[in-house]
Amino acid sequence: SEHSVMQPKAEVYAEITSLTVDDLSVDEIRLHHVFEHFNRVNALAMLIKWHRWLKVGGKLHIVTPDLEGCARNLLGNTSWKTKMGAVRHLAGDQCAVWAYHIDHWFPQRFRQTYEKLGFGNIEIQTWAWDKEPFLANVEAHGFKVSDLPVETLLQRADELLWESCVAEEEREVHEIWKKQ
């Protein structure tokens, strides 16, 4: 409802982070250029929530800008328009308080995150616009292969958070993330 350019028409308007659905009641969850708006802690929290909602065999489908593809555009022998398109694609349009991209995703990160949080039959695709500025995207599909207990999902999320630390000295940062 707060989009500054497009005027989406939804059946229901809700704050995605506070939306609730019964566990094991959803066949498919799809996000198209939404997930990059969550920080790493909230992204993992949402993945845990969605794991709980999905039926075993349910599909999770997420599309975000592709950090690796954007980096190739930025570092390659490309035009100024393509380079600035990559920067804009990674950062968001920033024309509203919610329109900032907070975290960045790429194929390996999606695969490792999905696997750790109980998704299998994972398919990752990367693609880009066929016209300048050749915006690069990554699309991750996974299926809930078993119903993992919340405690297991939280432990695995803590492991994923640790993988975002850059040195042993960041134990305190890791503890803050875990509390979040």
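The values are calculated or read from the model by the stated rules, or taken from the named source; none is laboratory data. Keep in mind it's a predicted model, so treat the numbers as computed, not measured. So basically every Cβ, Gly included, is an ideal-geometry build from the backbone, and we count neighbours across all protein chains shown. Ligands, DNA and RNA are stripped out before the accessible areas are found, and what is left, the full protein with its side chains, is counted by its heavy atoms. Shrake-Rupley method; radii C 1.70, N 1.55, O 1.52, S 1.80 Å.
Odds and ends about this structure:
- In the stretch 92-105, the residues that are farther than 22 Å from Ser164 by Cα and without any contact (Cβ under 8 Å) to a residue 12 or more places away in the chain form Cβ pairs under 7 Å with partners that are aromatic (Phe, Trp, Tyr) and assigned to a loop (DSSP other than H, G, I, E, B), at six or more places apart or across chains, as follows: Gln94/Tyr100.
- Taking the criterion of being of a type outside the set (D, E, K, R), in contact with a helix residue (DSSP H, G or I) (Cβ under 7 Å, 6 or more places away or on another chain), open to solvent by less than 40 Å² (accessible area, probe 1.4 Å) and part of a loop (DSSP other than H, G, I, E, B), the residues of the stretch 82-131 that qualify are His101, Leu117, Gly118.
- Identity of the residue in the stretch 72-81, under 13 Å from Leu135 (Cβ atoms) and without any contact (Cβ under 8 Å) to a residue 60 or more places away in the chain, that ends up least open to solvent (accessible area, probe 1.4 Å): Thr78
- Some residue of the stretch 158-177 being small (Gly, Ala, Ser) and part of a helix (DSSP H, G or I): no
- Pro65 at pLDDT below 95 and closer than 22 Å to Leu135 by Cβ: no
- The lone criterion from (1) within 19 Å of Ser146 (Cα to Cα); (2) open to solvent by less than 50 Å² (accessible area, probe 1.4 Å); (3) touching a strand residue (DSSP E or B) at 6+ places or on another chain (Cβ under 8 Å) left unmet by Val56 is number (2).
- Pairs where the first residue, in the stretch 4-27, is modelled with pLDDT of 80 or more and the second is open to solvent by less than 100 Å² (accessible area, probe 1.4 Å), C-beta under 6 Å, 6+ apart: Val21/Trp53; Asp23/Arg52; Leu24/Lys55; Val26/Trp53; Val26/Leu54; Val26/Gly58; Asp27/Gly58
- Going through (1) more than 25 Å from Ile29 (Cα to Cα); (2) touching a residue at least 60 places away in the same chain (Cβ under 8 Å) one by one, Ile176 falls short only on (2).
- Residues of the stretch 132-148 that turn out to be crowded, with 20+ Cβ neighbours inside 10 Å, touching a Lys or Arg at 6+ places or on another chain (Cβ under 8 Å) and part of a loop (DSSP other than H, G, I, E, B), as a count: 1
- Residue in the stretch 149-161 that is closer than 22 Å to Gly57 by Cα and in contact with a strand residue (DSSP E or B) (Cβ under 8 Å, 6 or more places away or on another chain) present: no
- Residues (without any contact (Cβ under 8 Å) to a residue 40 or more places away in the chain and among the polar types (S, T, N, Q)) located in the stretch 124-168: Gln125, Thr152, Gln155
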